[in-house]
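Trainee: Have a look at this one.
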Amino acid sequence: MSKIGVLTSGGDAPGMNAAVRAVVRAGLDRGFEVFAIFEGYQGMVDGGDRIQPMSWSDVGGILHRGGTVIGTARCLEFLERAGRLKAVKNLLDQGIDSLVVIGGDGSLTGAQLLCDEWTSLIEELVEKGEISKETAVRHKSLTVMGLVGSIDNDMWGTDISIGADTALHRITDAVDAISSTAASHQRSFVVEVMGRHCGYLALMSALATGADWVLIPESPPNLDAWENKMCDVLQNGRRIGRRDSIVIVAEGAKSRNGDPISCEYVKEVLETQLNEDARVTKLGHVQRGGAPSAFDRNLSTMLGSFAVEAIDSNKYAGSANLIGIRGNKICLSPLYECLAKTKEVNQAIRECNFEKAMELRGSGFQEAFRTIRTLVRAMPHEQEPSNKHMRLGIMNAGAPSPGMNTAVRAAVRIGIDNGHSVFRINNGFEGLVKGEIEPFNWMTVNGWAYIGGSQLGTNRYLPANGDFYAIARNIEEHNLQALLIIGGWSAYEAAFQLYKKRNSFPAFNIPIVCFPATIDNDLPGSELSVGADTALNNIVDAIDKIKQSAVASRRVFVVEVLGGNCGYLALMGAMATGAERVYLNEEGVTLSDLREDVEGLVHGFQEGKRLGLVIRNENANETYSAEFMESLFEEEGKGLFTSRRAILGHLQQGGNPTPFDRILGSRLAVKCIRFLEEQVSTRGSEAACIGLRQGKFDLTDFQDAPRMIDEEKRRPKNQWWLQLRPVARVMAKPGVK
Ligand code: ADP
């Protein structure tokens, strides 16, 4: 059986540890020997104790740590054939002919080269008498699986790289903080973020924070006097009441003719043209550091497991591949192709061929850029009288979910900018019944990008019989021609009610779109709902702390998380925190499960385990409650371990939305407005749920949605994430230290 080597190389990125852990554990689970190659290619060239076999417990306790515990380095020797020759000898000394390389495009270029040269390198080693002919025959080719570990997200072949989501967390936290101080002093801030060749971090953080201007390498301002334009927008913003101005600049930002645009230059421009104090903040390495986000931990875990599975399948023997994620699905592509495309973008930027650079970045990137250009406007465009206008009502309904405000902000601004009259409906369906409807204006939503909860007010009110008449009257009175309903299960339920009563109430014959916003992630028509990522990060933050305290005292923790009847938060939370066991409503809990888990835990603690973590969904089983489980584990621990329970409750729902939720919220909002515009302009009255499906934004007609849900269980029939259960199971086991 092939032996696997795993290394992290180039710039470090949060989430690399989770990937190493996944490769080691998935490898051991499949019977491979797995070696860590310390300090990247330097360790490969040096050999000796820098290439070490890894055990299950060697990668314990690293999931939540930033950076990479196996080290990374830049290695000049590896750039030369002589260095690579040494590296191959060292690999073969251990019998390694499969590699999982986690790094940026430099590291992956090195991996491709090693794969291409492998045959000639081993021939040379045979000629020099350094390895035997048998060894050369046994290891005639090298298999490479590359995972993109880079906060810049600048590689072709994956929608997102390991570390980029965490970097966005660091940036949005910093910019949120800067905004509040900037607003207090009416000051301008220029914030520099990483990205020498890629504007991803700058663009997405601008979208997530509600920044006022953004400069990226791929799409410089397309005018010569862009400075005047920027200052005009910022000045107009001030005039209508914005108290702060934030300009986000990517490290590699440049002008139309290719000259770099530095933060210092932007600051100078602001100070001279606006005649006010401007400050520069370079976020620098803060962006790379700290604990990885829930998303990065799970992404890395999935990619690492898949890499081992791909090696095990033998289908890719002798080739170099990149494993990435596209549209929520893990996919494998030839590495050389990804490297070539990545170089093409960089080349296009160097040659100032910005159109091509944007085209190569893909439609999501382009659309985010278009959206941000609308959102940063100080005031909406002047409208052509011929533009089709609509009167649009926007509301929240159901439980509050982080990201709701971000979505409303985007919908309001895009709606107004497109010439529509936008109305706010306060306090969910209750407000719609009572007629709590008023016009929205451009500045109402200023600063809403980062606020958690629901500024519009929301509740679980479900309209009852007499209410429908009142709702119909209010819709008619305000002449609402379209409705955007942002919320969770009860929002969808109420919207369906209106839809079903269309025959009795003609006012309900207007286009309606339901937008998924709930931490439970249990809605039809979308694989992800806005708010779930924030809740997941809240869970992970809390459990990281709980684990720290539990390790000190040999303890099994039973942690209960929200989710209704949907186990998404429980399973993804378990994967991101390394829980040994997760109980879902989808699977239920049986006495024999509990017996098996108790026996596993007892065995694990006898072997030296210091911590046990069990996560249960709130509705996993009514009888076997968190309290019951705690008592059971305490009793059966018999002094070997104690047990405690933690019910995380509403802290999961609170806090500012994560960048992921803000970005998803804004992008979905754009699609909603487009759908409603199409409907109104064609006199259509379709009602649909919007969502992310296989990486695409899709609409599901209300007619089809009921078939997708299990009414009784209140969740979709098909839950894509259930297929991740085997991965989570392999990564942590009750009976293993
Ligand atoms: P990143 O992987 O983050 O892009 P670098 O570009 O610094 O980081 O690459 C990390 C290491 O990968 C380098 O120090 C070198 O050892 C190796 N490497 C980079 N480019 C090449 C190349 N063209 N050929 C061989 N090895 C390379």
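The values are calculated or read from the model by the stated rules, or taken from the named source; none is laboratory data. Fair warning: this is a prediction, and the values are worked out from it, not measured in the lab. Cβ: placed from backbone, ideal geometry, glycine included. Neighbour counts: every protein chain shown. SASA here: full protein model, heavy atoms, side chains in, ligands and nucleic acids out. Shrake-Rupley method; radii C 1.70, N 1.55, O 1.52, S 1.80 Å.
Trainee: Of everything in the range 1-37, what is assigned to a loop (DSSP other than H, G, I, E, B) and either touching a Pro at 6+ places or on another chain (Cβ under 9 Å) or within 14 Å of the ligand (Cβ to nearest atom) (or both)? Give them in sequence order.
Mentor: Those that are assigned to a loop (DSSP other than H, G, I, E, B) and either touching a Pro at 6+ places or on another chain (Cβ under 9 Å) or within 14 Å of the ligand (Cβ to nearest atom) (or both): Ser9, Gly10, Gly11, Asp12, Ala13, Pro14, Gly15, Glu33.
Trainee: Please go through the range 95-112 and give me each residue that is within 13 Å of the ligand (Cβ to nearest atom) and closer than 16 Å to Thr8 by Cβ, ordered by number.
Mentor: Scanning the range 95-112 gives Leu99, Val101, Ile102, Gly103, Gly104, Asp105, Gly106, Ser107, Leu108, Thr109, Gly110, Ala111.
Trainee: I've got another one for you. Quick one: how many residues across the range 673-692 are touching a Gly at 6+ places or on another chain (Cβ under 6 Å) and either open to solvent by 40 Å² or more (accessible area, probe 1.4 Å) or in a strand (DSSP E or B) (or both)?
Mentor: Residues flagged as touching a Gly at 6+ places or on another chain (Cβ under 6 Å) and either open to solvent by 40 Å² or more (accessible area, probe 1.4 Å) or in a strand (DSSP E or B) (or both) within the range 673-692 amount to 2.
Trainee: Let me ask something else about it. Scan the range 426-452 for residues that are on the phi > 0 side of the Ramachandran plot and open to solvent by 20 Å² or more (accessible area, probe 1.4 Å) and jot them down.
Mentor: Result: Asn427, Gly435, Gly447.
Trainee: Only one of Glu344, Glu355 is modelled with pLDDT of 95 or more and open to solvent by 20 Å² or more (accessible area, probe 1.4 Å). Can you tell me which?
Mentor: Glu344
Trainee: Return a yes/no flag: does the range 42-54 have any residue that is among the hydrophobic types (A, V, I, L, M, F, W, C), within 14 Å of the ligand (Cβ to nearest atom), open to solvent by less than 60 Å² (accessible area, probe 1.4 Å) and part of a helix (DSSP H, G or I).
Mentor: Going residue by residue through the range 42-54, those that are among the hydrophobic types (A, V, I, L, M, F, W, C) are 44-45, 51, 54.
Still in the list and also within 14 Å of the ligand (Cβ to nearest atom): 44-45.
Okay, now just the ones that are also open to solvent by less than 60 Å² (accessible area, probe 1.4 Å), so 44-45.
Narrowing the set further to residues that are part of a helix (DSSP H, G or I) leaves 44-45.
Yes, that holds for at least one residue.
Trainee: Let me spell it out: the conditions are (1) in contact with a Pro (Cβ under 9 Å, 6 or more places away or on another chain); (2) within 16 Å of the ligand (Cβ to nearest atom), and Ile171 meets all of them except one. Which number is the exception?
Mentor: Single failed check for Ile171: (2).
Trainee: Kindly indicate the residue of the range 113-150 that is among the small types (Gly, Ala, Ser) and under 36 Å from the mean Cα position of the chain (by Cα) and also farthest from the ligand (Cβ to nearest atom) among those meeting that condition.
Mentor: By that ranking, first place goes to Ser141.
Trainee: Further, regarding this structure: Can you give me the number of residues within the range 486-504 that are surrounded by 24 or more Cβ atoms within 10 Å (Cβ to Cβ), small (Gly, Ala, Ser) and either more than 30 Å from the chain's Cα centre (by Cα) or part of a loop (DSSP other than H, G, I, E, B) (or both)?
Mentor: 1
Trainee: Something else: Taking only the range 149-204 into account, find how many residues are aliphatic (A, V, I, L, M), in contact (Cβ under 8 Å) with a residue 40 or more places away in the chain and farther than 14 Å from Leu299 by Cβ.
Mentor: Qualifying residue count for the region: 14.
Trainee: Going through the range 453-472 one residue at a time, which ones are in a loop (DSSP other than H, G, I, E, B), open to solvent by less than 20 Å² (accessible area, probe 1.4 Å) and at negative phi? So that I can check it myself, show each step before the final result.
Mentor: Initial filter on the range 453-472 (in a loop (DSSP other than H, G, I, E, B)): 453-466.
Next, only the ones that are open to solvent by less than 20 Å² (accessible area, probe 1.4 Å) stay: 456-457, 463.
Of everything in the range 453-472, those that are in a loop (DSSP other than H, G, I, E, B), open to solvent by less than 20 Å² (accessible area, probe 1.4 Å) and at negative phi turn out to be Leu456, Pro463.
Trainee: I would also like to ask the following. Pairs, please: C-beta under 9 Å, at least 6 apart or cross-chain, first residue of a type in the set (Asp, Glu) and in the range 358-382, second open to solvent by 20 Å² or more (accessible area, probe 1.4 Å)?
Mentor: Within 9 Å, the pairs are Glu359/Gln366; Glu367/Arg667.
Trainee: For the range 74-90, check the following and say yes or no: at least one residue is assigned by TED's automatic domain parsing to the domain that holds Ile323 and more than 16 Å from the ligand (Cβ to nearest atom).
Mentor: Yes, the range 74-90 contains a residue that is assigned by TED's automatic domain parsing to the domain that holds Ile323 and more than 16 Å from the ligand (Cβ to nearest atom).
Trainee: I need the full set of residues from the range 693-733 which are open to solvent by 20 Å² or more (accessible area, probe 1.4 Å) and aromatic (Phe, Trp, Tyr), in order please.
Mentor: Phe697, Trp720
Trainee: Could you check the range 75-140 for helices (runs of 4 or more DSSP H) lying wholly inside it with 1 or more residues that are open to solvent by less than 30 Å² (accessible area, probe 1.4 Å) and under 30 Å from Met302 (Cα atoms)?
Mentor: Correct list: 81-93, 105-127.
Trainee: Does at least one position in the range 60-69 carry a residue that is in a helix (DSSP H, G or I), open to solvent by less than 30 Å² (accessible area, probe 1.4 Å) and at negative phi?
Mentor: No: zero hits.
Trainee: Right, another one. Restricting to helices (runs of 4 or more DSSP H) lying wholly in the range 332-439: which have 1 or more residues that are in contact with a strand residue (DSSP E or B) (Cβ under 8 Å, 6 or more places away or on another chain) and in the same structural domain as Ala517 (by TED's automatic domain parsing)?
Mentor: So the answer is 404-417, 428-434.
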